[in-house]
1. Just the ratio, please: alpha-carbon radius of gyration of segment 478-574 over 2.2 N^0.38 Å, N its number of residues.
2. Just subtract the alpha-carbon distance of VAL111 and ALA473 from 0.36 nm times their residue separation and send over the number in nm, one decimal.
3. Under a crude label model (7 Å from the Cα following the beta-carbon direction), how far is GLU172 from GLU368 in nanometres?
4. For the peptides 426-438, 464-476, what is the packing order when you average, over each peptide's residues, the other Cβ atoms within 10 Å and list the highest mean first?
5. I need to check one value: relative contact order of the chain, counting alpha carbon pairs closer than 8 Å and at least 6 residues apart, in percent.
6. What are the extents of the Cα atoms of segment 247-320 along their three principal axes, in Å, largest first?
7. Can you compute the modelled spin-label distance between SER20 and ARG125, with each label point 7 Å from Cα toward Cβ, in nm?
8. Please compute one quarter of the surface area of the Cα convex hull for segment 138-264 and express it in square nanometres.
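The values are calculated or read from the model by the stated rules, or taken from the named source; none is laboratory data. Keep in mind that what you see is a predicted model, and the values were worked out from it rather than measured. Methodologically, a virtual Cβ is constructed for each residue, glycine included, from the backbone with ideal geometry; neighbour enumeration extends over all protein chains shown. All accessible areas refer to the heavy atoms of the entire protein, side chains included, with ligands and DNA or RNA removed. Shrake-Rupley method; radii C 1.70, N 1.55, O 1.52, S 1.80 Å.
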Amino acid sequence: MLLCSVSLYTVLDAAEAAPSNSDVNTLIDRLKFQENLDWNDFLITDHLPEIQRDELNKKIQSQIRNKIRKEYHFEVLDKKVLRDVCAFIICASDERNPIFSEISGLTFCKVKDQWKLTPLMGSFRHTGFNLYQLEAEARQRELEKWVFKQQAVYKSKVQGQQENQLLNKISEFSSESAFQAKEPSALVLYFLSMVRQANFHAIAACLGVDLAESFGDDELQAIYSLVEGLSGGRQVGDWAKLQEQPYIATVLEDDDNEMVSVAMFFPELEPKEQILEFSVKKMGSRWVLELPDNMSLDDEGKFSDADFRGWKLRRENRSRLDEVSSLIISSLKPVSADSSGVLLERLLKALSEGDFATWCSCIKFMDEADKAVRRDELIAAAESWSEIKKKSLMAFKLVSVREAENVAVAKVLAVSKQRPNDYVIDYLVLCKANQQWHMAIEKSFEGDDAEGLRATRDKLIKEIKDEGDVDVAPLLLGECHVLSLANFADCTGVDQSAVKESYLRYDESLMKEDYVNALKVAAAIKGTELQTLAALGADLRGRQDKDSKYEFIVAHKAAQMCAVTIRLTNRRSSDVEYLLYFYCKDGEQVLVLPYLQYRYEQSRGARLFNAKVLEFVEGLKDQGIKDSFMSLINKHNELVNEMRNE
């Protein structure tokens with residue numbers, strides 16, 4: 001049965017008026033996420049044999065699964081009411097596909113002052129409604145014909161609107177003079193950067209989609225390839241590789257004016273050395289490119305499994321594959337610094353941003369070397385990168401530095417992406433040559449002074465490891481506010497709208513996986529710093545779960561504290577939880593306390609979860625703050641009880 005506090009048809013309770021557009025949107029939103037059908041949601045005749053009822057159940061489920069998908073956005077386009085029956089024309093769109101639309105009809109019957117949904121979209125079959133009443137049946141047939149006709153009318157209209165909107169958005173990029181002037185090599189590099197950013201419209205501009213008089217087969221194939229390629233699925237050719245994997249790319253010299261070849265080095269993939277070929281042509285005053293075969297859907301709607309090293313490469317490029325590392329290193333613009341601190345800032349920024357090109361630019365490669373040595377050097381750079389990046393880390397903070405005349409060793413705190421209270425300690429080695437600091441890899445310690453440099457490096461590493469345990473909490477907490485119980489400022493005078501605004505900033509940061517900004521609106525009580533980070537990590541993982549939906553319900557105010565009630569719905573199981581976030585104040589800022597969350601107690605797990613909060617509250621010496629905590633918990637429970645009983 002559907003686990004909702006309000007059944008679908010009661011939403012459409014209306015003694016006189018037909019359902020509003022808002023009612024229909026609410027209904028659709030509920031249908032999106034239900035797993036099991038509740039027969040009370042539909043008007044179905046009692047005279048349907050069991051075997052037909054089972055078949056109808058399958059049809060309804062298929063209808064919802066295919067036409068009312070979770071990822072779709074719906075808009076009501078039209079409506080018609082004929083006394084006790086009515087119909088709505090709805091349009092489904094998908095933000096991932098700008099030219100997708102599906103027009104459907106929803107039909108309703110009014111039964112005892114309640115509007116109930118018919119089991120089949122756009123049809124009154126199997127309802128038994130006003131059976132054998134000629135006028136009533138005539139109204140139903142009229143509405144069914146109206147739905148059928150309007151679906152065709154709006155299909156053409158919506159498609160035209162979508163195409164115009166798409167062309168206008170593409171033109172925002174292609175009409176810029178800087179874009180118009182891009183030569184083929186610059187256009188290809190721009191294309192790669194836009195793929196990294198998943199910028200649909202900029203990519204489409206590179207392909208010249210906006211130059212076509214109408215969307216023909218070539219334009220539609222390009223658009224569908226972009227939609228699938230940027231979808232984030234597994235079977236998307238080389239799209240995922242170019243979006244998610246770090247790499248260095250450089251354009252190669254070509255004799256063919258209508259071909260651009262790009263040498264690429266992927267530190268975390270095999271093969272690491274690859275070449276990508278683009279066909280280019282001039283259309284009007286600007287250059288456009290075509291998608292490579294393994295980034296374009298084939299006739300079966302699939303991407304080729306062939307990688308960049310495939311046999312489709314031109315003979316010239318097949319012979320240049322072994323030179324990719326040498327060509328990549330030659331294209332790098334060396335980055336050095338006159339102090340180890342400046343270079344370390346650049347390296348940590350490159351790690352945090354996944355910028356392998358800058359990482360390699362900070363390395364001192366040999367001045368002259370053959371292609372085999374160059375390959376060994378770049379692979380060594382890739383190994384140094386992967387060693388520290390393989391742990392799915394997202395933040396890197398400098399702990400300490402030990403420096404000798406020509407060598408420096410940095411102790412770096414690497415923080416987990418999903419669990420900001422988890423971390424590892426890593427070490428970076430720098431070397432100095434010609435008064436400039438560079439990052440060192442094993443190949444850097446070669447030559448006449450190699451033995452001395454290695455000895456200095458090993459000595460510094462031992463010294464920095466002997467420093468003892470690191471107080472990681474201040475580094476991990478960033479700009480999180482740490483408050484003592486004695487300085488636990490109350491929320492007197494805080495407006496509830498300020499509490500809501502603070503929650504929305506916290507929620508938005510977590511949705512973007514931006515835990516650095518989430519910490520700016522969070523507070524930790526001294527002694528609970530790491531527990532606060534663990535709670536924030538759990539909140540971050542919850543927001544990344546596509547089946548979890550967090551909804552702000554209301555902000556509560558007590559004498560000295562504030563809180564917000566949040567509804568958490570699992571879209572797959574339809575389970576609902578109600579969370580209470582507590583808020584305090586530091587100066588003028590209203591801050592969430594991630595560690596002190598309370599859950600409405602509807603399970604043993606919730607009671608266990610709440611034990612730490614209740615224990616904390618019980619230990620408070622300030623009776624006023626203690627009373628405020630309990631008042632907020634009571635308000636939360638009373639509200640949830642009311643919502644569950646509606």
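1. Compared with the compact-globule rule of thumb, segment 478-574 sits at 1.14.
2. Separation in residues times 0.36 nm, less the Cα-Cα distance, equals 124.1 nm.
3. Using points 7 Å along Cα→Cβ, the separation is 5.3 nm.
4. Top of the packing list down: 426-438, 464-476.
5. 8 percent
6. Extents along the principal axes, in whole Å: 40, 34, 23.
7. About 3.4 nm, to one decimal.
8. Reported value for the Cα convex hull: 10.9 nm².
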